[in-house]
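Have a look at the structure below before the remarks.
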Amino acid sequence: MKPLPRWDDGRHVVLAGDAAGVVAPASGEGIYYAMLGGRFAASAVALCLKTGDGQALASARKAFLREHGRVFWVLGIMQRFWYASDRRRERFVSMCRDRDVQQLTFDAYMNKRLVRARPLAHVRIFFKDVAHLLGLARV
Ligand SMILES: Cc1cc2nc3c(=O)[nH]c(=O)nc-3n(C[C@H](O)[C@H](O)[C@H](O)COP(=O)(O)OP(=O)(O)OC[C@H]3O[C@@H](n4cnc5c(N)ncnc54)[C@H](O)[C@@H]3O)c2cc1C
């Protein structure tokens, strides 16, 4: 799933959660994003009621993507690549045994941000990725 191109009809309706498509690609995490999306939808409805302008409903999607659009984009690329076949999925799973991958994933989950703090870990993961892609690493 991925965020739908529109979450509102510009008049009466605004979506949140699974209905809006905000389940993180690759991980399937949707609870946090559904709750956050619900909050943004509520703010958009409040603005719509205050101003009488149905276009205000679009602010829910804008606010969500401003905060999490990049994470969804990166996870979308990961999903497209690593979930493309059973073989790649197996490799993706075996990469998750790696301590660097586990630490970065944990930090990213907890903070809901892409983690840049440990450049060396990124370099190590890059080379391990390449080894998996070339079939040089054990599954
Ligand atoms: C098997 C599975 C495992 C998952 N594991 C995780 C996980 O570990 N971590 C995580 O973050 N996310 C996980 N997710 C995703 C997460 O559950 C969803 O993204 C999240 O629950 C979406 O919340 P929501 O409020 O949008 O929708 P929902 O939680 O689906 O709530 C929608 C509600 O609307 C009700 N409803 C539907 N139609 C009507 C109607 N016509 N009238 C009245 N009520 C109606 C439904 O009964 C439901 O209670 C998982 C999903 C699945 C399927």
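Observations on the model:
- Note on segment 20-37: residues that are surrounded by fewer than 14 Cβ atoms within 10 Å (Cβ to Cβ) and near the ligand (Cβ under 7 Å from one of its atoms) amount to 3.
- Boolean, R113 is assigned to a loop (DSSP other than H, G, I, E, B), within 13 Å of the chain's Cα centre (by Cα) and surrounded by fewer than 16 Cβ atoms within 10 Å (Cβ to Cβ): yes
- Members of segment 2-19 found to be in contact (Cβ under 8 Å) with a residue 24 or more places away in the chain and near the ligand (Cβ under 8 Å from one of its atoms), listed by number: A16
- Filter result (surrounded by fewer than 18 Cβ atoms within 10 Å (Cβ to Cβ) and more than 20 Å from V74 (Cβ to Cβ)) within segment 1-19: R6, D9, G10, R11, H12, V13, G17, D18, A19
None of the figures in this text is laboratory data; all of them are computed from the coordinates on show. Nothing here was measured: the structure is a model prediction, and the numbers come from that model. We place every Cβ from the backbone using ideal geometry, glycine too, and count neighbours over all the protein chains shown.
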